[in-house]
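A quick write-up on the structure given underneath.
The values are calculated or read from the model by the stated rules, or taken from the named source; none is laboratory data. Given the structure is predicted, the values throughout are model-derived calculations rather than measurements. Here the Cβ positions follow ideal geometry from the backbone for every residue, glycine too, while neighbour counts run over all protein chains shown.
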Amino acid sequence: MWCVHSDRKSLLVLLLNTLVLSACGGGGGGGGGNSIGGGNSQSAWLIPQDEVVDGGPGIDGIPALENPSYESAVTNTTLAPDDLVIALRSDGQTKVFPHDIMDWHEIVNDGPSDDPFIMSYCPLTGSAMAWKGRASDADATFGVSGLLYNSNLVLYDRATRSFWSQMLQLSVNGSRIRERPETVQVIETTFATLTDMYPDALVMTRDTGHSRNYDQYPYGDYLTSTRLLFDVSRADSRLHPKERAIGICENDACKVYQLEGFGTSTQAINEQFNDQSIVVIGNSALNVAAIYNRQLSDGTILTFDPLQDELPNIMSDTEGNVWDIFGTAVSGPRSGEQLDTTQSYTAMWFAWVALFDPVDVHFN
């Protein structure tokens, strides 16, 4: 196991005191052990059990949000232009989840009853993603288990009490072991870029029903320092540990593209990753990137060119189609078609190399 600073323990104590105290006032029901029904330390694990650690707050000590309230992006007064947010499309709307709220809650359960989704964000690894819930379950929601694997969030589903590794996107313990969730495309960017693209978006409000100081980042200088709060399995010095990179994984191999590497003009990278034909689209100045499968259901493999200053439209192809940042064709012969998502998301560099091996870096 690898750790970068000997003063990790004192920092961890301070952090956990903050989180546990705030959880006590939030109705999270946390504390105690982490054996929760079907998913527990006594049953089989797909990952090394000795590398699954107790993060401190306990089960639901960090309370997930359920069907939160939203407001129009144009009327929001709590977010600064450079604040990071996560967006997805649900029920015909663009919904936005600010980092400053997700830092404190990590999971949001939302969506219509026949099409629920689970948005998760791990502040320790900087990874955000959304999964489709099982509408057939009496309870399709997920909660924060209080466990971590390589510093990354472990979720549990409330229907079966199985444990799920967020970045592996895999159930690693319990009755749903080996199951992979169906992913929902998310876009992570700044609030300024998001409102430029989707001024009619709905932004999750701070009216969460929990007492938290959302103006305060709970992890101190964590985003910029090299220190980690928990040990991880592997380290790699090619990049700063906390550098944000979008990556794609398949069969444990990954390739990442640093957010800072795309440049101030939008860049489209058409390439092959293992057996997938992919397009990586990104712009460093806009702090936005996405990765899609460029092979369509009819077998056609498209080649993309970037579009400049046309947000939310961000690329075109050799057939004359124009595509937006969510991978939807908005004009051209394939108007209305959707590019397939990939096993991709943005995370901190140290987390990519801790969880996957090997990891290739595109911008060197």
(1) in a helix (DSSP H, G or I); (2) over 18 Å from Ser72 (Cβ atoms); (3) of a type in the set (Ser, Thr, Tyr) all hold for Thr195 apart from (2)
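Matching residues to (1) β-branched (Val, Ile, Thr); (2) in contact (Cβ under 8 Å) with a residue 40 or more places away in the chain; (3) out of contact with any Lys or Arg (no Cβ under 8 Å at 6 or more places or on another chain); (4) outside any strand (DSSP E or B):
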site	(1), (2), (3), (4)
Ser43	no, yes, yes, yes
Val53	yes, yes, yes, no
Pro57	no, yes, yes, yes
Glu71	no, yes, yes, no
Pro81	no, yes, yes, yes
Arg89	no, yes, no, no
Ile101	yes, yes, no, yes
May I ask you to verify whether Ala87 is under 18 Å from the mean Cα position of the chain (by Cα), buried (at least 20 other Cβ atoms within 10 Å of the Cβ) and not assigned by TED's automatic domain parsing to the domain that holds Ala351?
yes
Has region 207-229 got any residue that is outside any loop (DSSP other than H, G, I, E, B) and at negative phi?
no
Could you check how many residues of region 124-139 are in contact with a Lys or Arg (Cβ under 8 Å, 6 or more places away or on another chain) and at pLDDT 95 or above?
1
Name every residue in region 140-165 that is under 21 Å from Ala347 (Cβ atoms), out of contact with any Ser or Thr (no Cβ under 6 Å at 6 or more places or on another chain) and either among the β-branched types (Val, Ile, Thr) or at pLDDT below 95 (or both), in order of residue number.
Val144
In region 298-322, what residues are in contact (Cβ under 8 Å) with a residue 40 or more places away in the chain and surrounded by fewer than 17 Cβ atoms within 10 Å (Cβ to Cβ)?
Gln308
Members of region 166-223 that are in contact with a Ser or Thr (Cβ under 7 Å, 6 or more places away or on another chain), within 23 Å of Thr341 (Cβ to Cβ) and of a type in the set (Lys, Arg)
Arg176, Arg178
I need a count of the residues in region 75-106 that are over 20 Å from Phe142 (Cα atoms) and of a type in the set (Gly, Ala, Ser).
2
